[in-house]
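Reviewing the structure listed below.
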Amino acid sequence: MKALILTLLLSGCSLFVAGASASLGGEWQLQAGTNQGQAIPIVAGSRITLKIDGNEVGGTAACNQYGGKIHVSGTTISITELIQTEMACLDDRLMASESAYLGSLARVTAAGRNGGSLVLTGPEVELRFGRVAPVADVDLIGTTWTLDSLISGDAVSSTVGEARLELQGDGRIAASTGCRDVTGSYTVSERQVQVRLDPYDMIGCVAPLGDQDAHILDVLSNGFAVAIDGDRLTLTAGDNGLGYRAEG
């Protein structure tokens, strides 16, 4: 992971000096924050995270996932080009938390370290993060994965119901789409997986599960590339893909 080194002065915080070993890189979790004089609510059981890798940023904003760019210019930084998934947040508190946090990122102009914390500041903004310990990559085979996003080109959308995937150690695959279960066999070669699904009922599922069912079956049936980052699994088949998180 590329280190992001910058020089800045932040009251009460250590300096980032060009050429020093201090780095913003890694994953951080929001501990407290304010935006335009109002505290950013942190809902119990939810996580607000910030992952910095080179000039890329991303994470979870209480409900949805987000991504963007981080730019360094002299003693200032900026976070731009923010995009997010479109998962419906059923809890109004999560929506308020997410909106306040993402709005604050666009106002950040400086960063500093205060002990083990990362502090981002800007006009009427202060965000304090604690470092998240890296998660070892989960094994592809033998893990039960829960679907949380559908990928179509550059668009990422939320899922409906519960859909899971397991590549079993005996070469069998078991998956669900939210409205049906499917099984089959698979082979893996250099992170490329080929699947032969067992016969299943070709009648489609009713809305709103129909599109999701078709999307999942399309990815599984056509073979897919696999990428694992910690406890996250991404399957990619052409312009379509599936995002999963390891259970437990």
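The values are calculated or read from the model by the stated rules, or taken from the named source; none is laboratory data. Only a predicted model underlies this, so the values are computations on that prediction, with no experimental measurement involved. Counting neighbours? That spans all protein chains shown, and the Cβs are built from the backbone with ideal geometry, glycine included.
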Is it fair to say residue 99 is more than 30 Å from residue 160 (Cα to Cα) and surrounded by fewer than 19 Cβ atoms within 10 Å (Cβ to Cβ)?
no
The condition of being of a type in the set (S, T, N, Q), more than 28 Å from residue 64 (Cβ to Cβ) and in contact (Cβ under 8 Å) with a residue 12 or more places away in the chain holds, among 212, 168, only for 168
Among the residues of the range 49-59, how many are part of a strand (DSSP E or B) and surrounded by fewer than 17 Cβ atoms within 10 Å (Cβ to Cβ)?
2
Name every residue in the range 72-85 that is surrounded by fewer than 13 Cβ atoms within 10 Å (Cβ to Cβ) and either out of contact with any Gly (no Cβ under 8 Å at 6 or more places or on another chain) or among the basic types (Lys, Arg) (or both), in order of residue number.
73, 74
For the range 189-210, the count of residues that are under 18 Å from residue 178 (Cβ atoms) and either loosely packed, with under 15 Cβ neighbours inside 10 Å or polar (S, T, N, Q) (or both) equals 8
Residue check: is residue 99 outside any loop (DSSP other than H, G, I, E, B), touching a residue at least 12 places away in the same chain (Cβ under 8 Å), under 28 Å from residue 32 (Cβ atoms) and in the same structural domain as residue 48 (by TED's automatic domain parsing)?
no
Among (1) within 29 Å of residue 62 (Cα to Cα); (2) of a type outside the set (A, V, I, L, M, F, W, C); (3) buried (at least 17 other Cβ atoms within 10 Å of the Cβ); (4) modelled with pLDDT of 95 or more, residue 148 falls short only on (4)
Run down 83, 79 and say which single residue is touching a helix residue (DSSP H, G or I) at 6+ places or on another chain (Cβ under 7 Å) and either within 20 Å of residue 236 (Cα to Cα) or assigned by TED's automatic domain parsing to the domain that holds residue 64 (or both).
79
Could you look through the range 30-48, keep only residues that are surrounded by 13 or more Cβ atoms within 10 Å (Cβ to Cβ) and over 20 Å from residue 124 (Cα atoms), and pick out the one that is modelled with the lowest pLDDT?
46
Can you tell me which residues in the range 68-90 are of a type outside the set (Val, Ile, Thr), more than 22 Å from residue 121 (Cβ to Cβ) and within 15 Å of the chain's Cα centre (by Cα)?
84, 86, 87
Looking only at the range 24-45, how many residues end up being assigned to a loop (DSSP other than H, G, I, E, B) and either in contact with a strand residue (DSSP E or B) (Cβ under 8 Å, 6 or more places away or on another chain) or of a type in the set (Lys, Arg) (or both)?
5
Does residue 112 satisfy the criteria of being within 20 Å of residue 247 (Cβ to Cβ), modelled with pLDDT under 90, in contact with a Leu (Cβ under 7 Å, 6 or more places away or on another chain) and of a type outside the set (A, V, I, L, M, F, W, C)?
no
Consider residue 116 carefully, then state whether it is over 28 Å from residue 30 (Cα atoms) and surrounded by fewer than 13 Cβ atoms within 10 Å (Cβ to Cβ).
no
With the condition kept exactly as written, say whether any residue in the range 186-198 is without any contact (Cβ under 8 Å) to a residue 12 or more places away in the chain, hydroxyl-bearing (Ser, Thr, Tyr) and out of contact with any helix residue (DSSP H, G or I) (no Cβ under 9 Å at 6 or more places or on another chain).
yes
